[in-house]
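Notes follow the structure.
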Protein chains: 2
Amino acid sequence: VTGFGDTVDPAPYDLNHLPYGSLIEASGRRFAAVRIGEHALDLAAFLADHPYAELFAAGDLDRLLAAGAGTWTEVRRLLIDRLTHSVAAGELRPALLPLADLTPSLPFSVADYVDFYSSEQHARNVGRILRPQGEPLTPNWKHLPIGYHGRAGTVVVSGTPVARPSGQARDPSGRIRVGPSQRLDVEVEVGFVLGGRSRPGEPVAIDAAAEHLFGVCLLNDWSARDIQAWESAPLGPFLGKSFATTISAWITPMAALDAAWIPVPEHSPQPSSYLVSPADRGGLDLSLRLEINGTVVSSPPFATMYWTPAQMLAHLTVNGASVRPGDLFGSGTVSGPRRDQFGSLLELTANGSQPLTLPDGRRLGFLDNGDEVVIRGTAPGPAGTRLELGECRGRIIDT
Amino acid sequence: VTGFGDTVDPAPYDLNHLPYGSLIEASGRRFAAVRIGEHALDLAAFLADHPYAELFAAGDLDRLLAAGAGTWTEVRRLLIDRLTHSVAAGELRPALLPLADLTPSLPFSVADYVDFYSSEQHARNVGRILRPQGEPLTPNWKHLPIGYHGRAGTVVVSGTPVARPSGQARDPSGRIRVGPSQRLDVEVEVGFVLGGRSRPGEPVAIDAAAEHLFGVCLLNDWSARDIQAWESAPLGPFLGKSFATTISAWITPMAALDAAWIPVPEHSPQPSSYLVSPADRGGLDLSLRLEINGTVVSSPPFATMYWTPAQMLAHLTVNGASVRPGDLFGSGTVSGPRRDQFGSLLELTANGSQPLTLPDGRRLGFLDNGDEVVIRGTAPGPAGTRLELGECRGRIIDT
C-alpha cells in the first residue's frame, strides 16, 4: 500500500484518524475497535473502567451509532485523551491486537441502504452510453440528488468473496437469456454511515446534517450491467445491484475529516432552498483509486462530486422519511473528467467496446471469475498529512 | 365491518385463521399474539410451560420468523391443539386480552422491503396514463416480475397517521415547486412476510418458496405522484414512496390459506425456467376492498395477478441475493379489469382528471389531509367460509 492522490504518503493510522470497525478473533469472539497502525484497539476492553465501554459491548458499532452525535464527540475525545496522555504502554497492550490475527466483520447492522447518483461526469458518461440519442442528463439531474433504495441485507464487509450473479438479460439479438452475468462491473463510491434517529414526518434540515453523519467508508456498488439493462424499465435497478455491495471494514469518523472539506460546488441552476445553506460544509477532497488484480485502472477524485453529503441527506429526508442508526447511503459512482478518473468499467471500457489492457496482456472489458477489485482512498489530514481510508476489497467467485 | 368479495360473511377469527401480531397494553408492555375473535392471545403467557414461549418473549414475531418453516408448522399445530382440546376456559382467560384495550405495533422488524409490479392491469393502466404515446407494458414486463427496493425503516403498522410528504415536483408549466405533495395516492397491495435465511449466492428455487413464505398482510404503498413523476428518471421511485408504507397489524400465516390457492395464471410468452414449476402453488384468491372515509371506492381481485408469490420470491433471489427473517415484499398495486377494481386513485381518477364523487358530494382526485384510507381483504377459508385479513388503515395528517 503506497500513497496516492498527491505526493504525500498516507499516515500510518495514528491518533488523527482512529477509524472504527468490528473484528473477529480466531476464537470467534467479535469486538468493536479503532485501528491504530497495524493493530485493532479493543474498545470494550480499553474502556472497561468507563461507562462508554457499554457502547461497544455487543462487538459492533450499533450502540455507538444509536447514541448520537454528542456521544460520538465525547467518545473520540476520550479515546484521544487516553491514548495521548493517560495510558502507559503496559495498559494499552492487552487491548491491542495485531490485525494479522483478525478477520473483519460488518462494522454495523445496515438499516436502510440508499444509493445516490451525484457525480455529474458519471451521469453524463452513462447517459451517453445508454441513451446515445438523448440528452446525457435527465431534466431533474441538476435539481435534486437522484437516488434509489438498494438491498441492505446484502451489504458485506471488505474481503467477502462475491458470487457472480445470475439472472435474465436480453441479447443484442433480442433473445432472453438466463445465466451468469456476462457484464459484471464495479462502481467506485464513498459510503456515508448515519447515526441518531429522526422523527417520521420531520425532514433533517441541511443545517442538521452533522447530527446524523457519523462517518465515511469506501463502497463498491457491484453492478451486473446486462441484468440491470433489461430489468430497469420502468422502476429502476433491482437484481443488477442487489446481489452484493461491499463496504470497507473501517469507518472513518467525520471528526477525522476536518481538513478534507472543500467548498460547496457551484450549482447552476440554483437548487431548491432545502438544498442550500451557508452551513453546508461542502464536499470532501478524497482521492480514490480502483485496482483490479493489483493494477491501478482509475483514480477518481471525490472532490468533483456535484452534490454534497449534507445535500444528499437533506434530500433523502425532505419527504419526511426518518433516518435510523445504521442507515447507509452511497454517493454514486465517482468519476472525474479524465478517462483515467472514471469509476466503473462501463465508463472505462465504453461498455466493454474498448477493453483495458492489463500488465499480463489480458484485455479486460468486464470482470472475470477470480478477478480481485480493491478500492482505496486517502483524505487530507492535519498539517499536510493524508489519512488512508480503509480499503474495500472483493474477489469474484463462480457460483 | 361486513363481508365482501362474495356473499359469505367472514368468519370471526376462529381457529382456522390465527393471524399473528404484536400488541401494546396500556401499561406499555408489548406482547406477541394471535387474534381470536375480538381478543389477542398473549403467546408467551399461553405457552409459558412450553419451550416455544421463548419464540415470543421479545414481544414481536422476529424469533418466530427466524426459526423457519418447520417451527411455524409446529407452533401452529401446538396452538390449534391446545386451543381445541386441552385448554379449559379458565386456563385460557388470563392470556386473552380484549383488542379494545390494546394498541397494535409493527409485528416484526422489517429487514428489506421490496415492491413488485405484478398486476398486468395496473401496469397497463399506469403505462397508458404516464406514457400515452408508447406501449403500455415495457418489453420486459411478461418476462420477469418487475420490482425495486423500498424503505424498510418507514414501514408502519395499521393505524399510524401518515404525514403528507413534501418534496420537489415539476408543474405542467415546467416550474420546479417544493412543498406538500398535491397528488397523494394509495396503492392497494398484498404484502408477503418472509422468514428463514438463505445463503448468499444461492437462489431460493421456486420449489422452495414455502420454506420462506411465512404469511400475508395487507399493504398500502402510499405514493406521492407529483414527487414520483419528477424524480423517477432514470433510477426509479424514491421519495415519492419512501415516506411511509402501511401494513396490517395481523399477519395471516400461509398455513391458514390452504383453500385460497388458485392455479398459476396462463403466461404468454413462457417465462424462464426458474420462474416455472409444477410445484408452484399458484396465486391467491383474495378479495380486496379500498375504502376512503368509509366509502368503498374499489374492490380489487388479487386472483387477477400475473405473477405468483413463489415467482416473485424466485426472481428476487435468482441473482444470489439472500433473504433474511423479516424481509417483506409487496405484490404491487392490485387492479382488476373493471374500473371499480382499480387499486390506486391514479387509475380510479385517470390521474386526477376524473375525480370520484363521495357520498357527501365531495369530488376526490387525490387525498386531502384528514382523509382516512382502509384496505380490507378476505380469503377463502375451510368449507366455504371466508377469513377476514387484518385491516390496513391510515389517516393523512398535515405536517
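The values are calculated or read from the model by the stated rules, or taken from the named source; none is laboratory data. Small disclaimer: the values here were computed from a predicted structure and weren't measured. Here the Cβ positions follow ideal geometry from the backbone for every residue, glycine too, while neighbour counts run over all protein chains shown. Ligands, DNA and RNA are stripped out before the accessible areas are found, and what is left, the full protein with its side chains, is counted by its heavy atoms. Shrake-Rupley method; radii C 1.70, N 1.55, O 1.52, S 1.80 Å.
Just to be sure before I move on: is B:G361 part of a loop (DSSP other than H, G, I, E, B), open to solvent by 10 Å² or more (accessible area, probe 1.4 Å) and touching a Lys or Arg at 6+ places or on another chain (Cβ under 8 Å) in the structure I sent? In short, no. Looking across the range B:114-134 at every residue that is surrounded by fewer than 17 Cβ atoms within 10 Å (Cβ to Cβ) and among the basic types (K, R), the one that is nearest to B:P104 (Cα to Cα) is identified as B:R128.
Evaluation of B:R199 against the conditions (1) within 14 Å of chain A (Cβ to nearest Cβ); (2) in contact with a helix residue (DSSP H, G or I) (Cβ under 8 Å, 6 or more places away or on another chain); (3) surrounded by fewer than 19 Cβ atoms within 10 Å (Cβ to Cβ) shows that the sole unmet condition is (2). Looking at the range A:299-308, can you tell me whether even one residue there is away from chain B (no Cβ under 13 Å), over 18 Å from the mean Cα position of the chain (by Cα) and either open to solvent by 10 Å² or more (accessible area, probe 1.4 Å) or under 30 Å from A:G159 (Cβ atoms) (or both)? Checked against the condition, which is being away from chain B (no Cβ under 13 Å), over 18 Å from the mean Cα position of the chain (by Cα) and either open to solvent by 10 Å² or more (accessible area, probe 1.4 Å) or under 30 Å from A:G159 (Cβ atoms) (or both), the range A:299-308 yields no hits at all. Scanning the range B:234-254 for residues that are among the hydrophobic types (A, V, I, L, M, F, W, C) and either within 22 Å of B:E388 (Cβ to Cβ) or modelled with pLDDT under 95 (or both) yields B:I247, B:A249, B:W250, B:I251, B:M254.
Out of all the residues in the range A:59-80, is one or more open to solvent by less than 30 Å² (accessible area, probe 1.4 Å), closer than 22 Å to A:G28 by Cα and of a type in the set (D, E)? Yes, the conditions are met somewhere in the range A:59-80.
A quick yes/no check of all residues on (1) in contact (Cβ under 8 Å) with a residue 60 or more places away in the chain; (2) over 22 Å from the mean Cα position of the chain (by Cα); (3) under 21 Å from A:T349 (Cβ atoms):
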| residue | (1), (2), (3) |
| --- | --- |
| A:L99 | yes, no, no |
| A:S105 | yes, no, no |
| A:N140 | no, yes, no |
| A:G153 | no, no, no |
| A:P200 | yes, yes, no |
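Would you point out the residue of the range A:135-151, among those that are within 7 Å of chain B (Cβ to nearest Cβ) and part of a loop (DSSP other than H, G, I, E, B), that is most open to solvent (accessible area, probe 1.4 Å)? In this case the residue turns out to be A:H143. Scanning the range A:161-193 for residues that are of a type in the set (S, T, Y) and surrounded by 21 or more Cβ atoms within 10 Å (Cβ to Cβ) yields A:S166, A:S181. For the range B:366-382, residues that are outside any strand (DSSP E or B) and touching a residue at least 40 places away in the same chain (Cβ under 8 Å) total 6. Counting only residues that are aromatic (F, W, Y) and either more than 8 Å from chain B (Cβ to nearest Cβ) or part of a strand (DSSP E or B) (or both), the range A:230-257 holds 1 of them. Here the range A:202-228 is the region considered, the condition is being part of a loop (DSSP other than H, G, I, E, B) and open to solvent by 20 Å² or more (accessible area, probe 1.4 Å), and the residue that is nearest to A:G390 (Cα to Cα) is A:A205. Quick check: anything in the range B:25-40 under 27 Å from the mean Cα position of the chain (by Cα), aromatic (F, W, Y) and under 17 Å from B:G215 (Cβ atoms)? No: zero hits.
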